[in-house]
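Report on one structure; see the data block that follows.
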Amino acid sequence: MRKRNEDKTVESKKASVISTVILAVFAAFCILPILLVITISITSQKGIVADGYSLLPRSISFEAYKMIFANPGQLIHSYFITIIVTVLGTFFSMLISSMLAYVISRKDYPLANKTSFYIFFTMLFSGGLVPWYILISRTFHMSNTIFALFVPYLVTPWFVLLMKGFLSTTPFSIIESAKIDGCSEYRIFFRIILPINKPGLATVGLFSVLMFWNDYWLSLLFIDNNKLYTLQFLLYRIMSNLTFLNSSLGVNAGVGAGANLPSESARMAMCLLAAGPMLFVFPFFQRFFVKGLTVGAVKG
């Protein structure tokens with residue numbers, strides 16, 4: 001018996017070591033690209049052209065950051081616009097998605113299946129880009145307003161169905177008991193349903209934050225005023241200008257004429273500026289996010 005227990009202990013230690021090594025290798029594969037992006041962002045353009053990409057920079061240069069921060073007012077303003085759009089869009093998207101998901105998850109709602117199918121149908125087919133553009137710009141007159149940056153994404157079918165998976169497993173007896181006690185529908189939703197589904201809210205909230213923070217498509221379609229440029233769209237414009245300048249210099253003055261423009265290092269520097277805040281936000285959501293995915297998998 002003692003020998004058998006010792007064998008089990010040895011096997012468990014081996015399994016623990018193997019799993020640790022596998023996770024360490026996986027973590028290295030996740031960290032190395034980030035380190036490579038940081039390295040390239042502080043490498044001179046000539047060094048990248050001559051030596052290629054490397055984890056250890058051979059010639060350190062901050063020209064990319066100097067070029068991006070040449071107009072810090074516009075960059076800071078774009079950060080401010082992006083933060084406002086992300087906060088407002090995430091809040092209202094979570095509110096509307098959870099309310100819609102709560103309705104179709106109720107067993108006493110006779111059109112639950114038909115409404116769910118309608119929501120699912122919009123994931124597969126849409127009215128097309130041109131009708132959507134006309135609806136936002138001509139019907140609702142949202143062009144060059146901050147509403148155009150988050151209103152079109154307020155109802156995302158995937159978020160609604162994901163939230164429905166959490167809400168549908170809430171015991172209906174809780175809702176019936178609350179009704180007997182005299183609670184209104186709004187009080188049941190805000191005081192009972194949402195608090196016991198925090199993991200689901202955190203999961204949908206994180207997806208919404210990433211969607212609004214990384215979006216530049218709405219700015220590209222509906223925004224012409226530089227005071228409403230989001231961070232992603234501003235960085236997209238900077239990158240487009242760099243590409244144009246490099247191609248123009250290459251055609252007019254030779255292939256190496258644009259070597260001094262830090263196009264590659266600027267591209268990586270912009271990735272850090274755009275993704276950096278999300279790297280700090282994710283740890284605060286991680287506990288709820290992992291729990292939400294696990295609970296969703298168990299609940300089915």
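The values are calculated or read from the model by the stated rules, or taken from the named source; none is laboratory data. Fair warning: this is a prediction, and the values are worked out from it, not measured in the lab. Here the Cβ is made from the backbone with ideal geometry for all residues, glycine too, and neighbour counts use every protein chain on show. Just so you know, the surface numbers come from the protein's heavy atoms only, side chains and all, with ligands and any DNA or RNA stripped out. Shrake-Rupley method; radii C 1.70, N 1.55, O 1.52, S 1.80 Å.
Would you point out which residue out of Leu149, Leu220 is surrounded by 19 or more Cβ atoms within 10 Å (Cβ to Cβ), over 20 Å from Arg106 (Cα atoms) and not hydroxyl-bearing (Ser, Thr, Tyr)? Spell out the reasoning first.
Values: Leu220 fails: surrounded by 19 or more Cβ atoms within 10 Å (Cβ to Cβ).
Being surrounded by 19 or more Cβ atoms within 10 Å (Cβ to Cβ), over 20 Å from Arg106 (Cα atoms) and not hydroxyl-bearing (Ser, Thr, Tyr) holds for just one of Leu149, Leu220, which is Leu149.
What about Leu210, is it within 28 Å of Phe280 (Cα to Cα), touching a residue at least 24 places away in the same chain (Cβ under 8 Å), open to solvent by 20 Å² or more (accessible area, probe 1.4 Å) and aliphatic (A, V, I, L, M)? Against the criterion (within 28 Å of Phe280 (Cα to Cα), touching a residue at least 24 places away in the same chain (Cβ under 8 Å), open to solvent by 20 Å² or more (accessible area, probe 1.4 Å) and aliphatic (A, V, I, L, M)), Leu210 qualifies.
Can we say Ile18 is part of a helix (DSSP H, G or I), without any contact (Cβ under 8 Å) to a residue 60 or more places away in the chain and closer than 30 Å to Pro152 by Cβ? No, not satisfied. Of the residues examined, Ala15 is one that is open to solvent by 50 Å² or more (accessible area, probe 1.4 Å) and not β-branched (Val, Ile, Thr).
Here is a yes/no grid of residues against (1) more than 28 Å from Ile81 (Cβ to Cβ); (2) aromatic (Phe, Trp, Tyr); (3) assigned to a helix (DSSP H, G or I):
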residue	(1), (2), (3)
Pro110	yes, no, no
Met123	yes, no, yes
Arg138	no, no, yes
His141	no, no, no
Val155	no, no, no
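Set side by side, the residues Ile119, Ile76, Ile81, Ile96 differ, and just one is in contact with a Ser or Thr (Cβ under 6 Å, 6 or more places away or on another chain) and either within 14 Å of Val160 (Cβ to Cβ) or part of a helix (DSSP H, G or I) (or both), which is Ile81.
Take Thr170 and tell me if it is surrounded by 13 or more Cβ atoms within 10 Å (Cβ to Cβ), out of contact with any Asp or Glu (no Cβ under 8 Å at 6 or more places or on another chain) and not in a helix (DSSP H, G or I).
yes
Among residues of the stretch 67-78 that are under 15 Å from Phe233 (Cβ atoms), those with a beta-carbon under 8 Å from a residue that is open to solvent by 40 Å² or more (accessible area, probe 1.4 Å) and modelled with pLDDT of 80 or more at least six positions away or on a different chain give the pairs Gln74/Asn226; His77/Lys227.
For Pro131, are the conditions met, namely being in a helix (DSSP H, G or I) and either of a type in the set (Phe, Trp, Tyr) or under 21 Å from Gln232 (Cβ atoms) (or both)? So Pro131 does not fit the description; no. Scanning the stretch 97-108 for residues that are open to solvent by 60 Å² or more (accessible area, probe 1.4 Å) and at pLDDT 85 or above returns Met99, Val103.
Have a look at Ser177, Ser126 and point out the one that is more than 15 Å from Ile96 (Cα to Cα) and surrounded by 13 or more Cβ atoms within 10 Å (Cβ to Cβ).
Of Ser177, Ser126, the one residue that is more than 15 Å from Ile96 (Cα to Cα) and surrounded by 13 or more Cβ atoms within 10 Å (Cβ to Cβ) is Ser177.
State whether one or more residues within the stretch 62-81 are touching a Cys at 6+ places or on another chain (Cβ under 6 Å) and open to solvent by less than 40 Å² (accessible area, probe 1.4 Å). No; the residues of the stretch 62-81 include none that is touching a Cys at 6+ places or on another chain (Cβ under 6 Å) and open to solvent by less than 40 Å² (accessible area, probe 1.4 Å).
Restricted to the stretch 29-52, and to residues there that are assigned to a loop (DSSP other than H, G, I, E, B) and surrounded by 13 or more Cβ atoms within 10 Å (Cβ to Cβ), the residue that is farthest from the chain's Cα centre (by Cα) is Ser44.
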